[in-house]
1. Where both residues lie in the chain, what percent of DSSP beta bridges are antiparallel, nearest 5?
2. Within a 10 angstrom radius of the beta carbon, how do Lys10, Lys237 rank from fewest other beta carbons to most?
3. Using a/c under 1.5 as the rounded threshold, could you call segment 185-259 rounded, prolate or oblate? The axes a ≥ b ≥ c are square roots of the C-alpha gyration tensor eigenvalues, and prolate needs a/b larger than b/c, oblate otherwise.
4. Binning every alpha carbon pair distance of segment 57-120 at 5 Å from zero, what are the percents per bin?
5. Quick one: in the chain, what % of C-alpha pairs are over 29 Å apart?
6. Pick from Tyr194, Tyr81, Tyr186 the residue whose mean-square fluctuation is largest in a GNM of the chain, springs joining Cα atoms under 10 Å.
7. With 10 angstrom as the radius, rank Ser117, Ser96, Ser88 by how many other C-beta atoms surround their C-beta, starting from the fewest.
8. Under 5 Å between amide H atoms, partner at least 5 residues away or on a different chain: which partners does His106 have, H built in plane at 1.01 Å?
Amino acid sequence: MNLTIDQMQKIQLQMLRIVADVCEEHNIPYLLHAGNLLGAVRHGGPIPWDVDTDILVPENYIDKFYQYCQPALSPKYKINYHKFDKNSKSYFPIISISGYSFKMCHIDVFRLSGFPSDEKIQKSMYRKAHILCKLIEIKRRKRRDTFTKTIVLYLLKPALFFIPFNYLLKQYDKLCAKYPYDKAPYAGYLTGRYGIKNMFKREIFDDSIKIKYADISIRTVRDFDFYLKRFYGQYMKLPPENEREQAMNTVYTLKEEKR
């Protein structure tokens, strides 16, 4: 299935609308995050050249999130997550179109974990998470975006042959749940390129407001200016026009899910 970026964003908005309604109805904390929060503030909706959607859900609500969101999304959409689907290799929930690979056109549901005040422990948790995520990616991927990276991937895979995939997933789960979110002074998510920048004092996540995102009223952090500056600096400044045009003129291919 071939989709333009505009078509993908419309599908993701449908998913997000369902998720927001379910979370509000069942008192499940959730927050619009990263580039989508930037889109809400700067564009009033998705960034026109952005291809995915990110939200945050506290670790201690992930099970409840799946319990209520999956029936509401099904059968058109589904949640890929290893704890509830033995065939899934995703270490955080990813909402995608049923019958198609979740690598394109999806919502990432990042797991908000608790952290202690000790900086050494905080950094240690991120180092461990970084290693685990890399190992998981190597185990589950068959190719990368360039030929050179694909060759490196195949050279590394044999070294992990005797490490069970489920063992890596369980270690990551333990790390996410090590410090209960509702009692921790700090919180953040262990996935992604920003590393320890993903961590804040927990109250920033607990103090939410509703913001307009296209035609959806959705929750995000109240202090979004501080939050966005942490990730993007001068976040109201647009990237170069050629970068925007390249993304917007691309047609994306969704592959059918292998059975």
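Read the figures in this text as sums done on the coordinates, not as results from a lab. Not measured: the values here are computed from a predicted model. Here Cβ is always computed from backbone atoms with ideal geometry, including for glycine, and neighbour counts include all displayed protein chains.
1. Details: 23 of 29 bridges.
Within the chain, antiparallel bridges account for around 80 percent of the total.
2. Numbers: Lys10 13, Lys237 8.
Lowest to highest Cβ neighbour count: Lys237, Lys10.
3. Values: a/c = 1.72, a/b = 1.45, b/c = 1.19.
In terms of gyration-tensor shape, prolate.
4. Spelled out per bin, shortest first, that is 4, 17, 26, 25, 12, 6, 5, 3, 2.
5. Values: 10654 of 33411 pairs.
More than 29 Å apart: 32 percent of the Cα pairs in the chain.
6. Comparing Tyr194, Tyr81, Tyr186 in a Gaussian network model of the chain, the most mobile one is Tyr194.
7. On the way: Ser117 10, Ser96 24, Ser88 18.
The order, fewest Cβ neighbours first, is Ser117, Ser88, Ser96.
8. Those lying under 5 Å, H to H, from His106 are Thr53.
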